[in-house]
């Protein structure tokens with residue numbers, strides 16, 4: 001209830017013109033900025049202390065008080081602050097968490113902020129939101145963003161629990177209808193599971209969860225839903241496995257070390273199916289937390305003569321640990337190295353503190369990943385990312401995909417927000433309308449036109465900084481080109497060898 005409505009309700013009650021619905025409008029009515037300044041059992045609503053109003057559902061509270069209001073023990077309250085979710089756009093939004101949040105549109109994002117590559121992806125999302133607001137926001141209303149760190153303790157063992165906690169907070173406690181992330185396929189699977197379990201109607205757009213198994217993941221709250229809640233601005237591993245296999249064709253007996261989760265297992269199976277029966281590849285898995293890398297390398301070493309080493313990992317820190325161990329074996333240290341997209345992390349691969357033997361293996365490495373974009377739009381994005389967040393767009397994979405996810409999500413929210421109230425299903429409907437119609441380039445110059453067309457009921461065909469976002473409405477996927485990259489001879493940068501377009 002806004003200050004004006006609250007005042008009108010108070011006037012009605014004091015003059016006797018009220019129903020039982022006015023019974024909750026009591027309190028000290030002292031001015032406040034947060035609930036901490038009010039008496040116990042009161043809320044700070046529109047800068048006035050009032051008693052907790054009765055409720056039956058979170059939706060009822062949010063209809064009255066907006067994002068962050070929840071129905072707790074029969075009365076409306078504001079969700080408590082989640083320490084992992086303190087990065088915001090605009091930055092001053094952080095000070096309002098735990099109390100009445102500003103009205104307007106809001107989205108969330110979940111990344112492992114303690115890792116350089118995921119912190120860079122979060123920065124790309126924040127840049128997009130800044131640009132959107134600089135262009136007028138959504139129909140003149142600022143778009144707000146809350147970023148959660150889904151790995152505060154930097155321990156991969158409890159990734160699923162931390163992922164589900166942050167998703168539950170953003171979608172369940174705050175009520176955002178769209179979340180950018182998670183990055184990994186395993187954590188994306190965990191995020192979808194909590195949406196289904198808690199019946200949270202919120203869309204996820206992952207910029208980097210590439211596992212082909214996600215294509216078939218159940219992501220609909222109801223069997224009759226025509227659109228799912230999981231969308232991706234990155235291509236699936238179906239194409240990446242084909243490109244990687246083509247580079248392994250000259251090698252008859254590669255050793256494949258892969259991460260034991262939906263990402264690693266999915267890519268390894270797709271790769272091995274393309275190599276067999278003409279190649280005698282040997283595969284060994286390792287834990288996602290890296291606790292058994294020594295054992296994995298030892299088994300690969302003892303498996304017999306090998307002519308190539310393939311590492312499938314979503315975390316370059318695990319890749320480096322495997323290479324370090326392999327560099328100390330006569331059987332593996334001289335082999336050509338092939339890496340997947342998760343290892344394309346300049347900060348980790350080019351760490352000057354690596355041993356010389358490990359650095360030698362890194363310098364010879366080749367890998368595959370969604371192709372790094374080129375052109376004026378990408379150059380503008382890269383310059384803005386560097387100037388505002390000191391991030392090198394060429395140093396990590398999926399940065400442009402993260403940027404595009406925020407822009408596409410904002411257009412999905414634009415479509416959905418034309419209704420008085422909306423949920424993730426309407427955001428998904430908006431996303432399904434971005435792959436046909438008038439061509440529009442996502443970015444600071446094209447966003448205003450895109451919003452205007454969406455609000456006019458038109459479909460648009462968006463071109464992202466990462467490339468064309470031709471979403472398949474049935475799967476939520478946007479296919480894209482795959483590059484083969486290599487580490488420079490100096491061992492301090494990535495170079496593109498070739499690009500394959502689907």
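The values are calculated or read from the model by the stated rules, or taken from the named source; none is laboratory data. Since this is a predicted model, take the numbers as computed values, not measurements. Here the Cβ positions follow ideal geometry from the backbone for every residue, glycine too, while neighbour counts run over all protein chains shown.
For the reader, a short list of remarks on this structure follows.
- Out of 358, 347, 319, 368, one residue alone is assigned to a helix (DSSP H, G or I) and under 22 Å from residue 498 (Cβ atoms). It is 319.
- The one condition from (1) assigned by TED's automatic domain parsing to the domain that holds residue 127; (2) in contact (Cβ under 8 Å) with a residue 40 or more places away in the chain; (3) not in a strand (DSSP E or B) that residue 194 does not meet is (2).
- Residue list for the stretch 300-316, restricted to those being surrounded by 15 or more Cβ atoms within 10 Å (Cβ to Cβ) and part of a helix (DSSP H, G or I): 300, 301, 316
- Selection from the stretch 164-191 of residues that are under 13 Å from residue 219 (Cα atoms) and surrounded by 24 or more Cβ atoms within 10 Å (Cβ to Cβ): 188, 191
- Filtering 342, 409 for residues that are at pLDDT 95 or above and part of a helix (DSSP H, G or I) leaves a single hit, 409.
Yes or no, residue by residue, for (1) within 23 Å of the chain's Cα centre (by Cα); (2) assigned to a helix (DSSP H, G or I):
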position	(1), (2)
50	no, no
70	no, no
84	yes, no
106	yes, no
109	yes, no
122	yes, yes
126	yes, yes
130	yes, yes
136	no, no
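- With respect to the conditions (1) assigned by TED's automatic domain parsing to the domain that holds residue 260; (2) surrounded by fewer than 16 Cβ atoms within 10 Å (Cβ to Cβ), residue 379 falls short on a single one, namely (1).
- Given (1) in contact with a helix residue (DSSP H, G or I) (Cβ under 8 Å, 6 or more places away or on another chain); (2) farther than 24 Å from residue 246 by Cα, number of the condition residue 302 does not satisfy: (1)
- Checklist (1) modelled with pLDDT under 95; (2) in a helix (DSSP H, G or I); (3) out of contact with any strand residue (DSSP E or B) (no Cβ under 8 Å at 6 or more places or on another chain) applied to residue 377, failing item: (3)
- Residues of the stretch 415-448 classified as in contact with a helix residue (DSSP H, G or I) (Cβ under 7 Å, 6 or more places away or on another chain), assigned to a loop (DSSP other than H, G, I, E, B) and either free of Cβ contacts under 8 Å to residues at least 24 places away in the same chain or crowded, with 17+ Cβ neighbours inside 10 Å (or both), total: 7
- Screening residue 103 on (1) surrounded by fewer than 23 Cβ atoms within 10 Å (Cβ to Cβ); (2) farther than 16 Å from residue 177 by Cβ shows it passes everything except condition (2).
- Look at (1) assigned to a strand (DSSP E or B); (2) under 30 Å from residue 356 (Cα atoms) and you find that residue 462 fails only one, number (2).
- Residues located in the stretch 313-334, provided they are closer than 14 Å to residue 364 by Cβ and in contact with a helix residue (DSSP H, G or I) (Cβ under 8 Å, 6 or more places away or on another chain): 319, 323, 326, 327, 332, 333
- Among the candidates 446, 409, residue that is at negative phi and within 22 Å of the chain's Cα centre (by Cα): 409
- Answer from 79, 63, 12, 87 - the residue that is out of contact with any strand residue (DSSP E or B) (no Cβ under 8 Å at 6 or more places or on another chain), at pLDDT 80 or above and either closer than 30 Å to residue 111 by Cα or not assigned by TED's automatic domain parsing to the domain that holds residue 163 (or both): 63
- Of all residues in the stretch 214-225, exactly one satisfies the criterion of being crowded, with 18+ Cβ neighbours inside 10 Å and part of a helix (DSSP H, G or I), namely 214.
- The set of residues in the stretch 270-291 that are crowded, with 18+ Cβ neighbours inside 10 Å and in contact (Cβ under 8 Å) with a residue 60 or more places away in the chain comprises 288, 290.
- Scanning the stretch 391-406 for residues that are more than 17 Å from residue 219 (Cβ to Cβ), assigned to a helix (DSSP H, G or I) and in contact with a strand residue (DSSP E or B) (Cβ under 9 Å, 6 or more places away or on another chain) turns up 400, 401, 402, 403, 404, 406.
- Residues of the stretch 159-180 satisfying the condition of being closer than 19 Å to residue 116 by Cβ and out of contact with any helix residue (DSSP H, G or I) (no Cβ under 8 Å at 6 or more places or on another chain): 162
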